[in-house]
1. Over the stretch A:257-326, with every protein chain in place, what whole percent of the accessible area is carbon and sulfur at 1.4 Å, could you tell me?
2. Taking 23 Å as the cut-off for C-alpha to C-alpha distance, list the pairs among A:K264/A:K517; A:K105/A:K140; A:K280/A:K517; A:K160/A:K264; A:K105/A:K155 that go past it.
3. In the stretch A:89-223, carbon and sulfur make up what percent of the accessible area (probe 1.4 Å)?
4. Search the structure for amide H atoms under 5 Å from the amide H of A:A499, placed 1.01 Å from N in the peptide plane, and list their residues when 5 or more places away or on another chain.
5. Could you give me the ³J(HN,Hα) list for the stretch A:306-315, computed from phi with Karplus coefficients 6.51, -1.76, 1.60 and θ = phi - 60°, whole Hz, x at Gly and Pro?
6. Tell me which residues come under 5 Å, amide H to amide H, from A:A187 once H is placed; ignore anything under 5 positions away on its chain.
7. Assign unit charges at the C-beta atoms only (+1 for Lys and Arg, -1 for Asp and Glu), then state the dipole size of chain A relative to its Cα centre in Debye, rounded to the nearest 20.
8. Got a sec? Charge dipole of chain A, +1 on Cβ for Lys and Arg, -1 for Asp and Glu; which of A:S536, A:L308, A:G115 is way out at the positive end?
Amino acid sequence: MRFSNAEFAAVFQEVADLLEIDGANSFRVRAYRNAAETISDLGRSLSDMIDAGEDPATLPGIGKDLAKRIEQLAATGTYPDLDRLRSEINPSLRDLLQIPGLGPKKVRKLRDDLGIESLDDLQAAVAAGKLARLEGFGVKSQEKIAAELETGRTKKSRRKWADAEEIAISFESVVRAVEGVERVDVAGSYRRHRETIGDLDILAAAETSAAAIDAFIDHDRVAQVTNEGETRAAVVLRDGMVVDLRVVPPESYGAALLYFTGSKEHNILLRQRAIEREWKLNEYGLYDKNDVVIAGREEADIYTALDLPYIAPELRENWGEVLAADANALPNLITLSDIRGDIHAHTTWSDGKASIEEMARRAIELGYEYIAVTDHSPRLAMTFGLDPDKLRRQAEELREVQSRLPEITILHGNEVDILRNGDLDQPDDVLAELDIVIVSVHSFFDLPREVQTARVIAALENPYVRVLGHPQGRILTQREGISLDLEAVFEAARDNNVALEINADPHRLDLDDRSVKFARDIGCKFVINTDAHRPSGYDLMRHGIYQARRGWLEASDVLNTLPIEDFRAALRPRVGR
DNA sequence: GCCGTTTTCGGCCCGACTGTTTTCAGTCG
């Protein structure tokens, strides 16, 4: 059997969980977790690496031992150490670890003293009041666990970034309005623009914290205050979202912002760098060995003191950014203002909600030099896709609109379905008449990996194809992407001069960040598109920019940062017209 | 279990808060 990176990572996470409950050395546990992180952040298939004869031990955090385990797992599909662990420690104890407030020590205590092996056991013990009498627990702990079991909240639950934004802005403005609060930011994975968010971390600078904390816990969306201290508070909202507030003095704001922005792994690297200099870094500042403050008011000051250029939040994932910074080789990240056009959009000709002209007028308002109209092809019947005849009539309308709107170039394209066998849903002579051809998978999502990969690559080899639309076909938190050998697809895209789309729709964000970085590393080019179905859809471009930045992209990696003439040249087919 | 132009042994990030304790372990980020 063939393991995905997620499956490899899941194995190591399970080993880590079980070892932790077993009371193993915590650094050993962390080694397994680090390995799991490395694998899930890899961007390319670990199975492919092994097939190619590459040694997993070359990866950071994976040594000889784990490399051997990985190879054994890949070759045999078995992991004897895990099987033995499972026989010693009931794997359903892992479910208990997901309950907020329960860690490995307490889970072990529950098992040893009360014989609890599962969520059901825990439920029964809580109902019988057994936890209240257990050493180290008590009435309050029992009540808290009962409440968590009731709501079913887990440590893992995440929501899309865009779904957290409105809450983030609302809390930010409430805290900002408090007298004495000098600065406010939403830190955490929100600031790093991860595609999904676990909780929100609000950071404020103020000489005294009480007023900010009061305003925070009084926010009208708060259902429950779970934590309230001198410098921090935590609340659960009515919809289950957890929001934290930290208040620090202004002279510590930069250190705190760095700390609460994370990632944890990035912070650990910075702290190690501080330790190398016999300094100490915490959320209050960077201190020398006599506890004299070196930096703390601004994030950038801390990077400077550590001999590093400023590292943008989107890069702080321990994907090599500290090494790159040290070598002065950080990418000059793309920004929204680099974008000159949006080249994937739908109109009322297929499933869009606005006319070509309405779309173009919005694009003009946004300052774009060009757009492309790319309605669906006929196979996608539910979207009223365009057959060749309709496409030609659309071209007429497009020319007519273009004549009235000289301030923008309107390119004519089509989002052509990739059929099951890899053929395209328009004949070549029709494709030849278009300015831009995007190909996308909209059907047969569950083909086997080899078949799916061959299907997509076949489409990329058509000489008129210029963009691979939403390459993974995923819907965030809802639909897994199609099963693809992404490395092979990226190589085919690069070799056929096809740009990979970063679909900016916040429910797609397709490609994912790791894959963007990997594709960039092997020399692929990109376009960032909103896939707009109405004029306001164009406004979502920023989400694609965040994703591109997380993938280390510069403007020069992205074709729709080019002026129109250069962009046209980049799209020219490899065959004459 | 990983890692190392000081090291193959001995380190491995650091502080706030809670609930349980009478001075601190466990959890969390």
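The values are calculated or read from the model by the stated rules, or taken from the named source; none is laboratory data. All values derive from a computational prediction rather than experimental measurement. In this analysis, Cβ positions are derived from the backbone assuming ideal geometry, glycine residues included, and neighbour counts consider all displayed protein chains. Just the protein is used for accessible areas: all its heavy atoms, side chains included, with ligands, DNA and RNA removed. Shrake-Rupley method; radii C 1.70, N 1.55, O 1.52, S 1.80 Å.
1. Solvent-exposed carbon and sulfur of the stretch A:257-326 make up 51 percent of the total.
2. Pairs exceeding the cut-off: A:K280/A:K517.
3. With neighbouring chains kept in place, the figure for the stretch A:89-223 is 46 percent.
4. Here the answer is A:V467, A:L468, since their amide H atoms fall under 5 Å of that of A:A499.
5. 8, 6, 10, x, 4, 10, 4, x, 4, 8
6. Amide H to amide H, under 5 Å and 5 or more residues apart or across chains, A:A187 pairs with A:D201, A:I202, A:L203.
7. For chain A, the charge dipole is close to 840 debye.
8. Farthest along the dipole direction, towards plus: A:G115.
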